[in-house]
1. Among the residues of segment 304-326, is there at least one that is in the same structural domain as Phe452 (by TED's automatic domain parsing), in contact with a Gly (Cβ under 8 Å, 6 or more places away or on another chain) and over 22 Å from Asp525 (Cβ atoms)?
2. Of the conditions (1) crowded, with 20+ Cβ neighbours inside 10 Å; (2) part of a helix (DSSP H, G or I), Leu68 satisfies every one except a single condition; which number is it?
3. Helices (runs of 4 or more DSSP H) wholly in segment 450-564 with at least 1 residues that are basic (Lys, Arg), modelled with pLDDT of 95 or more and under 30 Å from Tyr410 (Cα atoms) - which ones?
4. Only one of these conditions is not met by Lys429: (1) closer than 17 Å to Leu359 by Cβ; (2) modelled with pLDDT of 95 or more. Which number is it?
5. From the set of residues in segment 105-119 that are without any contact (Cβ under 8 Å) to a residue 40 or more places away in the chain and either of a type in the set (A, V, I, L, M) or not in a helix (DSSP H, G or I) (or both), which is surrounded by the fewest Cβ atoms within 10 Å (Cβ to Cβ)?
6. Could you please find all residues in segment 516-548 being farther than 17 Å from Ala277 by Cα and in contact (Cβ under 8 Å) with a residue 40 or more places away in the chain?
7. Looking at Ala398, Ala363, which one is more than 23 Å from Ala326 (Cβ to Cβ), at pLDDT 95 or above, assigned by TED's automatic domain parsing to the domain that holds Met306 and of a type outside the set (S, T, N, Q)?
8. Go through segment 349-387 and count every residue that is touching a Leu at 6+ places or on another chain (Cβ under 8 Å), closer than 27 Å to Val428 by Cα and hydroxyl-bearing (Ser, Thr, Tyr).
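The values are calculated or read from the model by the stated rules, or taken from the named source; none is laboratory data. All of these numbers come straight from a predicted model, not from anything done at the bench. When we count neighbours, we look across all protein chains shown, and the Cβ atoms used for this are built from the backbone with ideal geometry, even at glycine.
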Amino acid sequence: MFMSQVVKGIAASDGIGVAPAYLLVDPDLSYDKKKVDDTAAEYARVEKAFQDSISQLETIKENAKSRLGDEELAVFDAHIAILSDPEMLSQIKDDIELNQTSAEEAVDKVTTNFSDMLAAMTDNAYMQERAADVKDVAKRAMSNLMGKELPNIAGIDHPVVIVAHEITPSDTSQMDAKYVKGMVTDLGGRTSHAAIMSRTLRIPAIVGSQEITTTAKQGQTVIVDGLNGDAIVDPSEAEVKEYEDKAAAFEAERAEWAKMVDAPSKSKDGKDFEIAANIGTPDDVEDAMAQGADGVGLFRSEFLYMSSDHFPSEEEQFKAYKVAVAGMDGKPVVVRTMDIGGDKPLDYMPLPEELNPFLGYRAIRICLEQPDMFKTQLRALIRASEFGPIEIMFPMIATVAELRAAKQIYEEAKAEVQADHPSLGDNVKIGMMIEVPLAAVNADALAKEVDFFSIGTNDLIQYFFAADRGNDAVSYLYQPLNPALLSVIKHVIDAAHRHDAKAAMCGEMAGDQLALPLLMGMGLDEYSMSATSILRTRSMMSKLDTTECAKLVDDALNLDTAEEVEALVKERLNLK
C-alpha cells in the first residue's frame, strides 16, 4: 500500500507549495593535514579566499536589493564584517607562521574556535546567532580556498522545494520565488533569519522539522504546507491534487485580501480597530502603505544606530524620522526609543560584560543613565512631529519610577526644542512597551502615566515563561495561547482602558490568526505586525463578531493548557 510520510515542523511562512525536492548539499570541504614551507604564500591564499568571499557577498547583497528590505540586507554587512575581523585574520596568520599549518587547517581551526566560543554562550541568543554566521562565512571562505563551488541557488530554473539541514541568509536571499515553491529545514525557528526572509519573499516555509534531510530524497515530490507546518514527502496523486486545490484556494483568498487595502479595520459587528505595520527603516514605509497599514505601530529606531559606525547625530535621526512620518501621509508613526543592548550591541558603544545581557544594562536603562544621548533622539523625534503624527514609546520599562524619569527627560528635550519652535511636540503621544512581567502586573499604576501601552509579546512571553525564545531546546515554552498568559494580557488591556489609554500589541502574536479572535474579544485596540500579514488580518477581522469573541475569551480563560485553547479556537473558527 502506498504511504507518504508526514514531517512536522514550525510553520514559518504562509502558503502551500508542491515541487520536487532540491537537497541543499554543501561540497566536501575535508582536507589532509600537512606542513607547509612557504608560509607567506599560504597566508596569501587565505587573504585571496577571504577577499573573494567578501566580493561574492557584496554581489549577492546587490542582487537581493530588489527582493529584501534593509533589515534583512544588513545580515550581509555583518558577514562581511566577520571576514574583515583583524583578530580572526591575525590568529589564522599566527597559526600558519608558527606551526607551518596549511591555509585550510588554519581557517578551519580558528573559525571553529570562534564559532564554538559564541555557541557556548547559552544565555545570549544574539551571540549564539553570531556563531551560525561565523559558520556560514567560514564555509564560503573554505570553498573559495579549495576551489569548490557552493550550491548555486540563484541558478535554479525549474520548480523546486528547497530541503536543507539549515538555510543561511545568503541562501535565502538568492531564492527566486518563481522557481522556489517552498523550503523545509531541520533547524530554525519563526524568528530565524531564514524564516523572516521567507516571509518577505512569500515563499512557503517550514523550519525546525528535525528530520526532513533524512526523510526526503533528491527529486522526490514534497508538499510544503506553510499554514500548518506539515511537509508531506512522496505524496500520492490524491494528496498532490488535494494540496494543489488548497494552494489555489489560498491564492484566491490572498487575492481577496488584496481588495482590503483601502477598507477600514472593522469587525463584523462594526467595531473599529487599527492594524499597523512593524518597520525597521524609513524605506519600509512604502511597503506598509502598499499593504494598507493604518499606521506604523513599531518603528525599531535601533537600526539607525546599528547601521552606523557612530552615534547618529540629531540631524541624521531627524531626517530619517521625517522620511518615515511624511511617507505615512498623516497616519501615526509609533517610534520605539533606542532598544540597544541584550541581543543588539553597538561596536562603538562598549557595554559591560554581563552574564545575562537580556536582563541587564539595555534599552531604557541605558537611556536613563545617559540622558544626553537620549535627549538627542527625543529632540529629533519632536522636530519630526512637525511633518505628521509621531508617538514615542519607551522599551523595557519595569517600574513607575523609570517611566517618570523617562518622561522627565522627554519634557526637558521638548523644552529645548520649543525654545526655538514654540508648541512643537505638544501633540506627541507618550507610551511604553509592556514586555517586563512586573510592568504587566502593575499595569494600572503605569496606565495613569501614559497615552498608550504596546504589548511586546516576543519578550513578554520569554520572560513570563523563563524560556529563551532563541533556544530550540525550550521552544515548546513559547506559548502565546497559554490561559495564564492570556489572563495577564487581558489585565493589561483592561488596565489601559480603565485609565483612558490605548492598548496596542506589536509582538508576533498580533498577527497570529488563532490569537486574533481572543485579542478582539479582550478589546485590544491596535494590532501591529509585519506588513505582509496586514491584509489577511483585516479580512479575518471583518468576519469576526466581538460579542462572540468575548465569549470565546471567557471560555478560554477557564481552560488549563495552550493546547486546549488552540483546540477551542479552531473549533469556533471551524478550522481543521
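1. Of segment 304-326, the ones in the same structural domain as Phe452 (by TED's automatic domain parsing) are 304-326.
Remaining after also requiring in contact with a Gly (Cβ under 8 Å, 6 or more places away or on another chain): 325-326.
Next cut, over 22 Å from Asp525 (Cβ atoms) only: 326.
Yes, segment 304-326 contains at least one residue that is in the same structural domain as Phe452 (by TED's automatic domain parsing), in contact with a Gly (Cβ under 8 Å, 6 or more places away or on another chain) and over 22 Å from Asp525 (Cβ atoms).
2. Evaluating Leu68 over (1) crowded, with 20+ Cβ neighbours inside 10 Å; (2) part of a helix (DSSP H, G or I) leaves (2) as the failure.
3. Details: elements: 457-464, 483-498, 516-522, 534-541, 546-556.
Here the list reads 483-498.
4. (1)
5. Narrowing segment 105-119 to residues without any contact (Cβ under 8 Å) to a residue 40 or more places away in the chain: 109-119.
Imposing the further condition that a residue be either of a type in the set (A, V, I, L, M) or not in a helix (DSSP H, G or I) (or both) reduces the set to 110, 117-119.
Numbers: Val110: 24, Met117: 13, Leu118: 19, Ala119: 16.
Only one residue tops the list, namely Met117.
6. Pro517, Leu518, Met520, Ser542, Lys543, Leu544, Asp545, Thr546, Thr547
7. Ala398
8. 1
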